[in-house]
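Taking it in order: structure first as structure tokens, then the write-up.
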Amino acid sequence: MLVKDLLQDLVKRALDAMQGDGVLPGDLSPNIQIERTRSKEHGDFATNVALTLAKVTKRNPRELAEAIIDALPEDAAVEKVEVAGPGFINFFLAGIERRSVVERVLEQGNQYGHSTQGGGQTVNVEFVSANPTGPLHVGHGRGAAYGATLANLLDATGYKVQREYYVNDYGRQMNILATSVWLRYLERNGEPVVFPSNGYRGDYIYDIADTITARFGDELQHPWDLVTEGVPADAPDGDKEVHIDALIGRAKTLLGDTDYMNVFDLALNIILDDIKDDLREFRVEVNCWFSERSLEEADGIKHAIDRLREADQTYEKDGALWFRATDFGDDKDRVLVRANGQSTYFASDCAYMLNKRERGADTLIYVFGADHHGYVTRLRFAGRALGINPDDMEIPLVQFATLYRGGKKVQMSTRSGQFVTLRELRNDVGNDAARFFYIMRGHEQHLEFDLDLAKSQSNDNPVYYIQYAHARICSVFRELAEKGWSRDADAGMANLELLGESHEEALFTSLARYPELVLTATHNRTPHMIAHYLRDLANDLHTYYNAHKFLVDEAGLRDARLNLILAVKQVIANGLDLLGVSAPESM
RNA sequence: GCGCCCGUAGCUCAACCGGACAGAGCAUCGGCCUUCUAAGCCGAGGGUUGCAGGUUCGAGUCCUGCCGGGCGCGCCA
């Protein structure tokens, strides 16, 4: 049981007693907030319950606080309780309680900070879900790091987590990709191809085209004149959308269904495999690569539309099938099935959402890039249409990351194909720094990613600073062995009371805070809190190291200090693990 | 035009359901030092939380309006 919960229980019992005695009205059920204090003078924990009760009971808050303290049951963990400020109740923990964290950490090891708070509820975390039309870029990287870390947090706090990537392998963009590949193939085989302005221009398209050549030789080749037969002009003279759609049509006609799909699938698989490798190397786990096409093939879209139709939420107009979004407060109704018989993305959204629910997800988390925030409303309407409680759907938006090198912004533009890929970033700064820097800021904040800092081996680099704290502790233990000593764990525990230095007190507090922090970070979907915490903990360790020698001659004190820093090492490792960052033994 | 997000120290960012004196790092300034491997350590200055109202015992946090920045609006995906 967390001390926080213990204190909450004590306060509750006090209030119950006061209600029983008629000192407080029996009908109030106060929300008892226990929080860590910001400064030591205010003790370890505080509650504002007297302030909140003062109003409803029309009593003086300080006086009420005194009364609550009088009714508070004794507990060995609490040394002193005080009224402070306008009516806060401050709790000072007993020394033995404060020190006990060392034992807890070492006992629980890599499980310290984990909990069963989630009660086994299933949470579906969908993230990245970039169209497989090219390699992931640095924008996707932030979503990947955020989603992966959030999933790790949920996992650690007792939720069943589905980590999911929605593979858009069905729509028009994929047809543009397949056609782009085929055109590059023709170009490589000597055709005088004029590449469409709306096609995918990246170099990787050539690589895929070469794979096509390796597999199919010149079987898929057709003369350029025939390819462009009847195709309207490209921009600027014509409409680039019409132009590319016509080219797609020609590709399908000339290649036939089978060969067209061969090109399509080959392109898709090469890119998707690349994305899978990329994420795996980035320590981003994905349990389910959910294919949009599979949804269509399994009649999932029809299934979802049937559901909406049964609920009388659809109607037909102008040959299309519409969803009555206005009934739910949208400014206009939304098309489910176009006049040409093709279903819309909104229909796929509904189908996929329904599918997630049918696979057992209680909560749906959609991690979106901020540029996709226009979909949020639509998705929420889909949820309402399908009868999903709005509280069971969350759509955190991850803002853009801007790269800086040499103090200057790295220019990027998807349109011109001038984007930095996630793989380039990882190769540049390393996986550890990339993971850490990505989640170091609140996800709703624009991120300035300083590439030079991320690479630097100095204390200014927070990743280095934290990892170094871990390695430094390992180094102390190597030194211990070199001196021919060893740690006596039991003696260390028995001598914890020798640890009375302010640096040691600070570490007790920091270590004890960790499980609460993990819960808060999970609950608020704010993994950056872990990064900030680890930086603070590392700072506590380094200042302690600078102020005191651990390997002192006096064995009792030495063992106690070694137990303490071993606990610090454990918590740093646990925290870094949640972030997907390694904890090196030496640097 | 409508909608969403953001605005906190010179810079990059924190601030747990609305709590106590708004905190870190970098940079700046002033000292110290050569250590369980680390040019590091200790300390100081720096703020009308974009502006103006409102709610509250209490607002960086909630509400309204404005200013500034980013993004989005489709029978595209």
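Quick note: the coordinates plus some simple rules give every number you see, no bench work behind them. Because the structure is predicted, anything quoted here is derived from the model rather than measured. Cβ sites come from the backbone with ideal geometry, for glycine too, and all protein chains shown count toward neighbours.
For region A:172-281, the fraction of alpha-carbon pairs lying more than 20 Å apart is 36 percent, rounded to a whole number.
Ranking A:G442, A:V420, A:A401 by Cα position along the charge dipole of region A:401-455, where only Lys, Arg, Asp and Glu carry charges on their C-beta atoms, puts A:V420 farthest toward the positive end.
Rounded to whole numbers, the Karplus 3J(HN,Hα) couplings from phi for region A:506-512 are 4, 5, 4, 4, 4, 5, 5 Hz, using 6.51 cos²θ - 1.76 cosθ + 1.60 with θ = phi - 60°, and x at Gly and Pro.
For chain A, the longest principal axis of the Cα atoms and the long axis of helix A:172-188 meet at an angle of about 60 degrees.
Where both partners of a DSSP beta bridge lie in chain A, what percent of those bridges are antiparallel, to the nearest 5? It would help to have the intermediate numbers written out before the result.
Values: 24 of 45 bridges.
Beta bridges within chain A, antiparallel portion: roughly 55 percent.
Only helical DSSP H runs with n ≥ 4 go in: add -39500 (n - 2.57) per run for chain A, normalise by residue count and round the 222 nm mean residue ellipticity to 500 deg cm²/dmol. Before the final figure, lay out each step's value.
Values: 21 runs with 307 residues, N = 587.
Estimated from H runs of four or more residues: -17000 deg cm²/dmol.
Taking 7 Å steps out from each Cα toward its Cβ at A:D312 and A:H446 produces label points 4.9 nm apart. Could you tell me the center-to-center distance, by alpha carbons, between region A:115-171 and region A:372-406 in angstrom? That distance is 13 Å.
For chain A, what is the charge dipole size about the Cα centre, in debye to the nearest 20, if Lys and Arg each add +1 at the Cβ and Asp and Glu each add -1 at the Cβ? Don't skip to the answer; put the middle values down first.
Details: 63 positive and 89 negative charges, 165 e Å.
So the magnitude is around 800 debye.
With Cβ to Cβ distances under 14 Å as the rule, what net charge do the other residues near A:Q33 carry (K, R +1; D, E -1)? Here the count lands on -1. Under 23 Å of direct C-alpha separation, and excluding same-chain neighbours fewer than eight residues apart, A:K4 reaches these lysines: A:K12, A:K40, A:K80.
Normalising by the residue count of chain A, find the relative contact order in percent from Cα pairs under 8 Å and 6+ residues apart.
Values: 895 pairs, mean separation 88.0, N = 587.
Relative contact order of chain A: 15 percent.
Quick one: go through region A:426-450 and flag any residue whose amide nitrogen is under 20 Å from the point 7 Å out along the Cα-to-Cβ line of A:R38. The answer is A:442, whose backbone nitrogens lie closer than 20 Å to the label point.
Full extension of the chain segment joining A:H532 with A:D70 gains 162.5 nm, where the gain is 0.36 nm per residue of separation less the Cα-Cα distance. In this label model, A:E285 and A:N427 are separated by 2.8 nm, measuring between points 7 Å along each Cα→Cβ vector.
The peptide list A:135-146, A:447-458, put in order of mean Cβ contacts within 10 Å with the highest first, becomes A:135-146, A:447-458. Within straight-line reach of A:K252, meaning a Cα separation under 19 Å, sit the following lysines at least 8 residues removed in sequence or on another chain: A:K240. For region A:51-156, averaging the sequence separation of C-alpha pairs within contact (under 8 Å, six or more residues apart) and dividing by the residue count gives a relative contact order of 17 percent. As a calculated quantity, the FRET efficiency between A:A233 and A:D392 at R0 = 51 Å, using C-beta atoms, amounts to about 0.55. Bridging of A:K356 to lysines at a Cα separation below 24 Å is possible for A:K160, A:K276, A:K302, once same-chain residues fewer than 8 apart are set aside. Here each label is just a point 7 Å from Cα along the line to Cβ, and for A:M587 and A:Y206 those points are 4.1 nm apart. For region A:531-567 versus region A:227-289, the spacing of their alpha-carbon centroids is 57 Å. Between A:N340 and A:M1, the FRET efficiency estimated from the beta carbon spacing at R0 = 56 angstrom works out to 0.35.
Order A:152-159, A:492-499 from most to least packed using the mean count of other Cβ atoms within 10 Å. Each step should come with its number before you reach the end.
On the way: A:152-159: 21.6, A:492-499: 18.5.
Ranking, from highest mean packing down: A:152-159, A:492-499.
The Cα center of region A:338-363 and the Cα center of region A:472-530 differ in position by 48 Å. Taking the charge dipole of chain A about its Cα centre, with +1 at Lys and Arg Cβ atoms and -1 at Asp and Glu Cβ atoms, the residue from A:A311, A:H503, A:T213 reaching farthest to the positive side is A:H503. Sorting the segments A:481-491, A:264-274 by their residues' average number of neighbouring beta-carbon atoms within 10 angstrom, most packed first, yields A:264-274, A:481-491. Its residues counted as N, chain A yields a C-alpha radius of gyration over 2.2 N^0.38 Å of 1.21.
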